[in-house]
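> Structure incoming, see below.
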Amino acid sequence: MLHTTRRGLLRNVVAGAAFGFGEYLTVTESAWAQHTRDPVPGFYRYKVGSVECTALYDGIWEKPHDPVFIANATIEETKQALSSAGLTTAFVPIPMTVLVLNINGKLVLCDAGTGGQVQSLDRHHSITAGKMLVNMRAAGINPNDIETILISHFHPDHIYGLMTKDTNEPIFPHAEIIVPAAEYRWWTDASLIERLPDARKPLGRRIQAVFPNWRNILQVDGEDEVVLGVRFVSMPGHTPGHTAFHVSSGDAQLMISNDAAYLPALVAAHPGWHGVFDQDASMAETSRRKLLDRVLAEKMTICGYHFPWPGVGTLAKQGNGYQLMPHQV
């Protein structure tokens, strides 16, 4: 049986707010939390064949350790895994990186960031995010030029950047937003709200208040090519319709894994570890192993929304798991 303190329970509520188990929480950050650890510049470019990829840093969650974060690993085991990957063990570092694809001049945004609307109650390990648009402009990309947005799943840190905080007005009103149909159906089911835990109801209500009223959302079933050279890849478990994106250009391939293997130091190195944010942990593990095996077998580049900056690298087999070798900046 897992035991946790009242403070630990509070942190888990906060964690849920950030990753889909409740509404955002706004706080005043401590001076300590404001000390910058942001990459400079906050964008990073690389090529996949002829596709230009621009990683945009949105922020980081310095998540306090707690015993329920990984259901089948202890805090000491997670700290050891972080240390083995060369990461801090003072907290669990969870960065957020959004990707823009330039495909023959067409700009495609992959997920939309937090919009600065995902915050933490913990004054010493806060979420500082909402920097995507600033870094997008610093990279020379005009947000108005984004033609298509691909959404992997409907957790707040991936969709709140689509809408303004107070009015829910669209940030990208002229872009086509392509979403997995299974994810859309699950979150917009009229009976969902009453079935959700109380902490998740605000997220469900916001989705149902916004998305059905937007005419620029396209639902896609299966693993279709949604943009030239980009296919949806079904990876359920993290959420019912969670989806990765596969990019191919010539002989080059990139797997945009999104949250299928969210923290490589933990769940790629130990694919059997079950994270609290996976709605169906067993299904998420099956999806994760399938994705990582494919990336390794086909010698793809891989990127992930919560990978260490710049969020992209290659995989190597390591024991029963996988090691991420990130691009050096």
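> What pairs can you find where one residue is in the stretch 260-279 and over 16 Å from TYR305 (Cβ atoms), the other is hydroxyl-bearing (Ser, Thr, Tyr), and their Cβ atoms are less than 8 Å apart, with a gap of 6+ or different chains?
What qualifies is ALA269/SER84; ALA269/TYR322; PRO271/TYR322; HIS274/SER282; GLN279/THR239.
> Can you name the residue in the stretch 215-232 that is under 15 Å from ARG185 (Cα atoms) and not β-branched (Val, Ile, Thr) and, of all such residues, is surrounded by the fewest Cβ atoms within 10 Å (Cβ to Cβ)?
GLY222
> Kindly check whether there is at least one residue in the stretch 252-260 that is closer than 21 Å to ALA112 by Cβ and acidic (Asp, Glu).
yes
> Being assigned to a strand (DSSP E or B) and small (Gly, Ala, Ser) is the filter; apply it to the stretch 44-75 and report the residue that is surrounded by the most Cβ atoms within 10 Å (Cβ to Cβ).
Filtering the stretch 44-75 for residues that are assigned to a strand (DSSP E or B) and small (Gly, Ala, Ser), the one surrounded by the most Cβ atoms within 10 Å (Cβ to Cβ) comes out as ALA55.
> Taking the stretch 195-215 only, how many residues are at pLDDT 95 or above and either over 16 Å from TYR160 (Cα atoms) or out of contact with any Pro (no Cβ under 7 Å at 6 or more places or on another chain) (or both)?
Residues in the stretch 195-215 being at pLDDT 95 or above and either over 16 Å from TYR160 (Cα atoms) or out of contact with any Pro (no Cβ under 7 Å at 6 or more places or on another chain) (or both): 11 in total.
> Kindly indicate which of ARG195, ARG205 is free of Cβ contacts under 8 Å to residues at least 24 places away in the same chain, surrounded by fewer than 15 Cβ atoms within 10 Å (Cβ to Cβ) and closer than 14 Å to PHE154 by Cβ. Give the derivation first.
Values: ARG195 fails: closer than 14 Å to PHE154 by Cβ.
When all the criteria are applied, what remains is ARG205.
> Looking at THR128, THR78, which is the one that is touching a strand residue (DSSP E or B) at 6+ places or on another chain (Cβ under 8 Å), closer than 18 Å to PHE307 by Cα and at pLDDT below 95?
Answer to the check: THR128.
> Could you please find all residues in the stretch 251-308 being more than 18 Å from ILE94 (Cβ to Cβ), of a type in the set (Lys, Arg) and crowded, with 19+ Cβ neighbours inside 10 Å?
None; the set is empty.
> Let me ask you something else. GLY115 fails exactly one of the following numbered conditions: (1) over 14 Å from the mean Cα position of the chain (by Cα); (2) modelled with pLDDT of 95 or more. What is the number of that condition?
(1)
> Exactly one of (1) surrounded by fewer than 17 Cβ atoms within 10 Å (Cβ to Cβ); (2) touching a helix residue (DSSP H, G or I) at 6+ places or on another chain (Cβ under 6 Å); (3) under 29 Å from LEU266 (Cα atoms) is unmet by GLY113. Its number?
Against the list (1) surrounded by fewer than 17 Cβ atoms within 10 Å (Cβ to Cβ); (2) touching a helix residue (DSSP H, G or I) at 6+ places or on another chain (Cβ under 6 Å); (3) under 29 Å from LEU266 (Cα atoms), GLY113 comes up short only on (1).
> Scan the stretch 81-101 residue by residue and report those that are under 14 Å from PHE307 (Cβ atoms) and either of a type in the set (Lys, Arg) or over 14 Å from the mean Cα position of the chain (by Cα) (or both).
Within the stretch 81-101, LEU82, ALA85, GLY86, LEU87, VAL92 meet the criteria.
> Might you check whether a residue that is modelled with pLDDT of 50 or more and in contact with a Phe, Trp or Tyr (Cβ under 7 Å, 6 or more places away or on another chain) occurs anywhere in the stretch 28-40?
Yes, the stretch 28-40 has at least one match.
> If you don't mind, there's one more thing I want to ask. Considering only the stretch 309-327, how many residues are without any contact (Cβ under 8 Å) to a residue 60 or more places away in the chain and part of a loop (DSSP other than H, G, I, E, B)?
2
> Is there any pair with a first residue in the stretch 285-308 that is modelled with pLDDT of 95 or more and a second that is of a type in the set (Phe, Trp, Tyr) whose Cβ atoms are under 6 Å apart and which are 6 or more apart or on different chains, and what are they?
LEU292/TYR322; HIS306/TYR262
> Under the condition of being hydrophobic (A, V, I, L, M, F, W, C) and in contact with a Lys or Arg (Cβ under 8 Å, 6 or more places away or on another chain), which residue from the stretch 233-250 is surrounded by the most Cβ atoms within 10 Å (Cβ to Cβ)?
Pass one, the stretch 233-250, residues hydrophobic (A, V, I, L, M, F, W, C): 233, 235, 244-245, 247.
Next, from what is left, pick out any that are in contact with a Lys or Arg (Cβ under 8 Å, 6 or more places away or on another chain): 235, 245.
Details: MET235: 28, PHE245: 25.
Within the stretch 233-250, the match that is surrounded by the most Cβ atoms within 10 Å (Cβ to Cβ) is MET235.
> Suppose the filter is over 16 Å from HIS327 (Cα atoms), in contact with a strand residue (DSSP E or B) (Cβ under 9 Å, 6 or more places away or on another chain) and surrounded by fewer than 21 Cβ atoms within 10 Å (Cβ to Cβ); does ASP38 pass it?
Yes: the conditions hold for ASP38.
The values are calculated or read from the model by the stated rules, or taken from the named source; none is laboratory data. This is a predicted model, so every value here is computed, not measured. Neighbour counts run over all protein chains shown; Cβ positions are idealised from the backbone, glycine included.
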